[in-house]
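A quick write-up on the structure given underneath.
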């Protein structure tokens, strides 16, 4: 039950013992939730009130991405409902800047009847310097927020520095042919005389 709200009903004596069931807020406003016909099926106003104030509890996840990837935030409710649940959202800068690191976005996400989640996608820049931003939810007309802020974390873009070294080409030694051996000089034998 919302804070500072109390059950409110108006009895009608005739002809069907009907009651209007609602919530009276501290500021004097009354939210009408439905009617209870006490003599129809035996259900009292407590049943109508309990059913009417059972509202979805909504939360949003965090998202961590590399620069250039989409940050996907999942907005979920604790159980499915017979009616769609519409929740407003907007991005808010942190250390990351909209337009430089990510694309600012806002709007309304609708969780369809019978479903429990929907996604909000935020694009990030391929040249993002990194940092964080948040996706903030606004109070839905039907439902309550238990976690209204999702944090998006962007890992900085990595740059590849081209190599500055000059490729080396293998050098080959020219083939050398061994020089021919010098021709032997014939020596003439000289007779030796002894005296």
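The values are calculated or read from the model by the stated rules, or taken from the named source; none is laboratory data. Not measured: the values here are computed from a predicted model. Note that we place each Cβ from the backbone using ideal geometry, even for glycine, and neighbour counts take in every protein chain shown.
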key: Within region 57-97, strands (runs of 3 or more DSSP E) holding 3 or more residues that are closer than 19 Å to residue 142 by Cβ   = 57-60, 70-77, 85-93
task = Could you please let me know if residue 134 is buried (at least 18 other Cβ atoms within 10 Å of the Cβ), at pLDDT 95 or above, touching a strand residue (DSSP E or B) at 6+ places or on another chain (Cβ under 6 Å) and in the same structural domain as residue 88 (by TED's automatic domain parsing)?
result = yes
ask   = Are any of the residues in region 114-129 in the same structural domain as residue 86 (by TED's automatic domain parsing), over 30 Å from residue 83 (Cα atoms), at pLDDT below 95 and surrounded by 13 or more Cβ atoms within 10 Å (Cβ to Cβ)?
value = yes
query = Listed residues 109, 85; which is more than 17 Å from the chain's Cα centre (by Cα) and surrounded by 15 or more Cβ atoms within 10 Å (Cβ to Cβ)?
reply = 85
